[in-house]
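The values are calculated or read from the model by the stated rules, or taken from the named source; none is laboratory data. Since this is a predicted model, take the numbers as computed values, not measurements. So basically every Cβ, Gly included, is an ideal-geometry build from the backbone, and we count neighbours across all protein chains shown.
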């Protein structure tokens, strides 16, 4: 509907499309119309009063019958042009378009030819998959899917924390207290215990010594490091399998050791390095970004040095238009420094690098959700608990369900609970992680969205192929109820929602839209009989259109639709 009005006004007012979209309003009362266009912005340009411009626009619009057939009326009210929609025409147009395009509905080509490279997830080897890494994984995935939905290409990179002094400490600790049997039985738990013990001050020298050996290529150290990495990835893959996460490249800091040294040499050539306390830095103090430590006094490169090398490599390898990093907001300074150093090195594309920040998960007491009763939170424990809660809920509703189907549904519903429970919040906000609230089937939860989709599927199944065929061809619409038109308006706004979410890199726009869409559908279902009604053909088509748009919305969030709950 909005696009219809935008096209009419663009033609009649001679304004750019984006300007019309920006000015278009929804009146405070439906008595004033479905949409209103204020004419103040045209007054200076046309040297007329806004009221005169509004009247002239109505005359121009009304003279074109083809333009106004989707409107029951177009009126001038002071400085506003008010549009009243022809509900039957709009309903026919919107529903027909969705049913024709199916899963392609809402897909545009605005990103065609554009490649983003997304750094997401990036857990640390030999440590638990953290809850912050969960946020990075699901937010980054949704941003990638939205970019792809609009015709672009997204390259997903899982950039592991797999290098640094901590691995020297880990190797030192494993040689002192480690057990190969315990390592293979439960690698992350065993390595975490060793790491905690090895981080005591008494063992600082031992950790540094073993990291030097690792950097120098000591065979025994490299063998242990590779084993830790391999076992960690196997554990992480269990989480990724549940989330449906796939990566185009699994890389790590270790991959850029040689390239980091080359980056240091390049910085030297460009006279960007200065010596500070025997270390090398890029001085950005005058820009309010402090000193960027590039190389320690012992010659070791740092995290930012490897990030410089990685960025250069990614841009070259993938011909990226934009490099994106979905990382917690506590790393904001790091990425400002990284992007500025790349700019100073002469890489013009650094202006297109983006840090997509996310806030913290908080426990129920409002404190950082990093520990529970003094213990580290394992993501595997959270997924297990969520799936268990989902299983109990499903069992109470469908006690006759077979175990295999129960397991599959519980996994899909449990992951929907986690993903939606996160994505419905603006990504930069901190949020309380409450599994019991996430898993509820009613209210603003992931399972509620899946339930709404399943209900629509059930209606169409009950109608059967014979009745469903009645809804094909030209839609016969005798009357549109208020709840029907409300649902049609939500379906119609899907394209705008996807565009807004893409432009702001904000999956919460799609998540909250999905909830409003589901709620509108359930309101319609409660108020309007579908099967057996005089409007059965159209209403089945409307249910089908809702189902398509809801499935598209769920896909953009990384949530699997379920045919039966």
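Assorted remarks:
- No other residue among 40, 83 is farther than 26 Å from residue 150 by Cβ, at pLDDT 90 or above and out of contact with any strand residue (DSSP E or B) (no Cβ under 7 Å at 6 or more places or on another chain) apart from 40.
- Test for residue 506: is it within 19 Å of residue 142 (Cα to Cα) and in a loop (DSSP other than H, G, I, E, B): yes
- Failed criterion for residue 405 (all others in (1) surrounded by fewer than 14 Cβ atoms within 10 Å (Cβ to Cβ); (2) within 29 Å of residue 191 (Cα to Cα) hold): (2)
- Of all residues in the stretch 13-23, one or more are part of a helix (DSSP H, G or I), at pLDDT below 85 and closer than 30 Å to residue 541 by Cα.
- Residue within the stretch 196-208 that is closer than 25 Å to residue 136 by Cα and in contact (Cβ under 8 Å) with a residue 12 or more places away in the chain present: no
- If the condition is being within 22 Å of residue 165 (Cα to Cα) and in contact with a strand residue (DSSP E or B) (Cβ under 7 Å, 6 or more places away or on another chain), then the stretch 258-281 contributes 260, 261, 264, 276, 279, 280, 281.
- The stretch 439-451, subset part of a loop (DSSP other than H, G, I, E, B) and at pLDDT 90 or above, residue surrounded by the fewest Cβ atoms within 10 Å (Cβ to Cβ): 444
- Residue in the stretch 219-240 that is surrounded by fewer than 17 Cβ atoms within 10 Å (Cβ to Cβ), in contact with a strand residue (DSSP E or B) (Cβ under 6 Å, 6 or more places away or on another chain) and not in a strand (DSSP E or B) present: no
- The residues on offer are 436, 422, and the sole one that is assigned to a helix (DSSP H, G or I) and touching a strand residue (DSSP E or B) at 6+ places or on another chain (Cβ under 9 Å) is 422.
- Lone unmet requirement of (1) part of a loop (DSSP other than H, G, I, E, B); (2) out of contact with any helix residue (DSSP H, G or I) (no Cβ under 9 Å at 6 or more places or on another chain) for residue 106: (2)
- Filtered by the rule that a residue be surrounded by 14 or more Cβ atoms within 10 Å (Cβ to Cβ) and within 18 Å of residue 71 (Cβ to Cβ), the stretch 39-59 gives 39, 54, 55, 56, 57, 58.
- Note on the stretch 1-12: among residues that are in contact (Cβ under 8 Å) with a residue 60 or more places away in the chain, touching a helix residue (DSSP H, G or I) at 6+ places or on another chain (Cβ under 7 Å) and part of a helix (DSSP H, G or I), the one that is surrounded by the most Cβ atoms within 10 Å (Cβ to Cβ) is 9.
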